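Engineer: Input: one structure, supplied below.
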Amino acid sequence: MTMWNSLGYFENMLNNSLTDTIAAIATPFGRGGIGIVRLSGPQALAIADKIFLAKDSSLPSRYKSYTVRYGWIVRRGKGEGLSGKGKRKKVLNLNPLPLSLNPASDRPIDEVLLTVMRAPKTYTKEDIVEISCHSGLVVLREILGLVLTRGARLAEAGEFTKRAFLNGRIDLSQAEAVLDVINAKTGAALNSGLNQLQGALSRKIAGISQRLLNILVLLEANIDFPEEDTKFSPDKKFFHAINNAYKEICELVSSADSGKVLREGLNVVIAGKTNVGKSSLLNALLKEERAIVSPIAGTTRDAIEEIMDVKGIPLKIADTAGIINPRDLIEKEALKKTQAYFDKADLVLLVFDASSSFTKEDRQLIKRAKNKRVIAVLNKCDLKQKTLSIQIRKHFKKVIRISCLTLKGFKELEEALAGSVCKGGLESSDEIILTNLRHIQALNKAKEALEGMRESVKRSLPLEFIVEDLRLCRQSLGEVTGESAREDILDKIFSQFCIGK
């Protein structure tokens, strides 16, 4: 349960916005089998009563939670056909339309399935109605428009998830994990998002914060009641608790590099002189014919960029032109693009032709990659070898020998790609990985506060200094879970969501 309700945050929001019933289209626009219009709030069931005609003429407000009914969404005319006892008058049996449809005044919009989920065991902890209709821009807008005319208002971006947070179903880090799940580029990114959505980070933060609170209570008692027998004196138990909290926070922060890779991907450039097999390497890694392969040197003039998953790591991999000394304007532009990709690369796959001799161009490429993280790749190892491999090993500790024709060495290459980020890749990792910049900043502030507190203890400063640092640390931890996040921060977070989530 978050602290918003107990501390009285967003009182105006709770009194006004949360009394509204909100609605939105919860599925992407376009052709598809199913589209969903979602309603949440105190009037969701009452609105459903006005627009939904079940095959058996029953009312949604009488359905049990987690039930699905077949029927029609209908725009009704005058005299909605309801009897005083809450049952619809049977006007005409025009199969397969509902018995209560009045062809003189009512217009069916779509044949649907209507799902009822009753508070508090729902995503928002409010009554929710979901209308599953045929997908398509016109029918979805028709149903949404009808819902809005019957008393709902259009949901703001991320408002369903925001209500889940404000109503205490999830904390802020879990709410943000919804976006991580939606935006996941690989299975590892999905696992990381689900791990956070299930509360792994929240529980970790809560555990650290609670241990610091226990210390804080003791220190404040010393300040408020100096005459009592509670005089504070740092002992092994105190330092053990502080050091453990500091260590756990540092471990979380240290996961940020892996988190950045999961969130943004790793920029990988395939570089090398012409005709060493760069395009063949890209095709082999992607397991599809993405780039044109030709024995004619210089076939690739423009960079080709694709995203691939290697052991849970999203790689944004680019095949670049192998031109070293341009001969015309087109080749000059190609070289500029290659250099731009090279400059922003996190990792360079520097490809050499094992069947050729070491050349001046190879030396130039090695010099250019001097300050880059490089995996040296010897291609064409299925052909007769020359002395180039000896020269390459003088410059690089690890050299991967491959053949794009036979795919020999590709398992070792993928291991090297994964190992360049973290040992063994990320696909099977269950550890907490910070992918959110806001979380990283908040935990860095918590880390700095604990460092300040330890320095205050070391210098024997008054307890007030130590207490202030502990409070700042817990406040920073609270920013992660939402206990101390500002309203403008919340607005910024939820504005990143789509309208229907």
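Engineer: Identify the single condition in (1) part of a loop (DSSP other than H, G, I, E, B); (2) small (Gly, Ala, Ser); (3) over 22 Å from residue 49 (Cβ atoms) that residue 164 does not satisfy, given that it satisfies every other one.
Structural biologist: The number of the failed condition is (1).
Engineer: Can I ask one more? Just to check your reading of the model, which residue among 152, 119 is under 20 Å from residue 43 (Cα atoms), at pLDDT 90 or above and in contact with a helix residue (DSSP H, G or I) (Cβ under 8 Å, 6 or more places away or on another chain)?
Structural biologist: Going through 152, 119 in turn, just one is under 20 Å from residue 43 (Cα atoms), at pLDDT 90 or above and in contact with a helix residue (DSSP H, G or I) (Cβ under 8 Å, 6 or more places away or on another chain): 152.
Engineer: On to the next question. Here is a check on your reading of the model: is residue 492 crowded, with 17+ Cβ neighbours inside 10 Å, within 25 Å of residue 192 (Cβ to Cβ) and basic (Lys, Arg)?
Structural biologist: no
Engineer: Next up: Being touching a Gly at 6+ places or on another chain (Cβ under 8 Å), at pLDDT 95 or above and open to solvent by less than 80 Å² (accessible area, probe 1.4 Å), is that true of even one residue in the stretch 6-21?
Structural biologist: yes
Engineer: Looking at the stretch 35-62 only, could you name the residues that are assigned to a helix (DSSP H, G or I) and open to solvent by 10 Å² or more (accessible area, probe 1.4 Å)?
Structural biologist: 45, 46, 49, 50, 61, 62, listed by residue number.
Engineer: So which residues in the stretch 339-372 are open to solvent by 10 Å² or more (accessible area, probe 1.4 Å) and of a type in the set (Val, Ile, Thr), if there are any at all?
Structural biologist: Passing the criteria: 359, 366.
Engineer: In the stretch 125-132, is there at least one residue being open to solvent by 40 Å² or more (accessible area, probe 1.4 Å) and at pLDDT 95 or above?
Structural biologist: So far as the stretch 125-132 goes, yes, one or more of its residues are open to solvent by 40 Å² or more (accessible area, probe 1.4 Å) and at pLDDT 95 or above.
Engineer: For the stretch 400-411, does any single residue satisfy the condition of being open to solvent by less than 30 Å² (accessible area, probe 1.4 Å), more than 30 Å from residue 379 (Cα to Cα) and part of a loop (DSSP other than H, G, I, E, B)?
Structural biologist: No: the stretch 400-411 contains no residue that is open to solvent by less than 30 Å² (accessible area, probe 1.4 Å), more than 30 Å from residue 379 (Cα to Cα) and part of a loop (DSSP other than H, G, I, E, B).
Engineer: Here's something else I'd like to know. Only residues in the stretch 473-501 that are over 16 Å from residue 163 (Cβ atoms) count as the first member; pair them with residues that are open to solvent by 60 Å² or more (accessible area, probe 1.4 Å) and among the basic types (Lys, Arg), Cβ under 6 angstrom, at least 6 apart or cross-chain, and list the lot.
Structural biologist: From residues that are over 16 Å from residue 163 (Cβ atoms), the pairs are 476/445.
Engineer: Would you check if residue 162 is surrounded by fewer than 23 Cβ atoms within 10 Å (Cβ to Cβ) and in contact (Cβ under 8 Å) with a residue 40 or more places away in the chain?
Structural biologist: In short, no.
Engineer: Out of the residues in the stretch 438-454 that are open to solvent by less than 40 Å² (accessible area, probe 1.4 Å) and either in contact with a Phe, Trp or Tyr (Cβ under 6 Å, 6 or more places away or on another chain) or without any contact (Cβ under 8 Å) to a residue 60 or more places away in the chain (or both), which is nearest to residue 494 (Cα to Cα)?
Structural biologist: Per the criteria, the residue is 442.
Engineer: Let me confirm something: among 265, 272, 322, which residue is surrounded by 21 or more Cβ atoms within 10 Å (Cβ to Cβ) and at pLDDT 65 or above?
Structural biologist: One residue alone meets the criteria, 272.
Engineer: For residue 195, all conditions in the list (1) modelled with pLDDT of 90 or more; (2) farther than 15 Å from residue 433 by Cα hold save one; what is the number of the exception?
Structural biologist: All conditions pass for residue 195, except number (2).
Engineer: Are any of the residues in the stretch 341-350 at pLDDT 85 or above and of a type in the set (Val, Ile, Thr)?
Structural biologist: Yes, the stretch 341-350 contains a residue that is at pLDDT 85 or above and of a type in the set (Val, Ile, Thr).
Engineer: So residue 375 clears everything in (1) surrounded by fewer than 16 Cβ atoms within 10 Å (Cβ to Cβ); (2) under 20 Å from residue 284 (Cβ atoms) except one condition, right? Which one?
Structural biologist: It is condition (1) that residue 375 fails.
Engineer: Among the numbered criteria (1) surrounded by fewer than 15 Cβ atoms within 10 Å (Cβ to Cβ); (2) within 13 Å of the chain's Cα centre (by Cα); (3) assigned to a loop (DSSP other than H, G, I, E, B), which one does residue 185 miss?
Structural biologist: Of everything listed in (1) surrounded by fewer than 15 Cβ atoms within 10 Å (Cβ to Cβ); (2) within 13 Å of the chain's Cα centre (by Cα); (3) assigned to a loop (DSSP other than H, G, I, E, B), residue 185 misses just condition (1).
Engineer: Please enumerate the residues belonging to the stretch 346-377 that are in contact (Cβ under 8 Å) with a residue 40 or more places away in the chain and either in a strand (DSSP E or B) or closer than 24 Å to residue 258 by Cα (or both).
Structural biologist: Across the stretch 346-377, the qualifying residues are 346, 347, 348, 349, 350, 351, 352, 353, 369, 373, 375, 377.
The values are calculated or read from the model by the stated rules, or taken from the named source; none is laboratory data. The structure displayed is predicted, hence computed values, not measured ones. Every residue, glycine as well, gets a Cβ built from its backbone with ideal geometry; the counts of neighbours run over all protein chains shown. Accessible surface areas use protein heavy atoms only, side chains included; no ligands, DNA or RNA. Shrake-Rupley method; radii C 1.70, N 1.55, O 1.52, S 1.80 Å.
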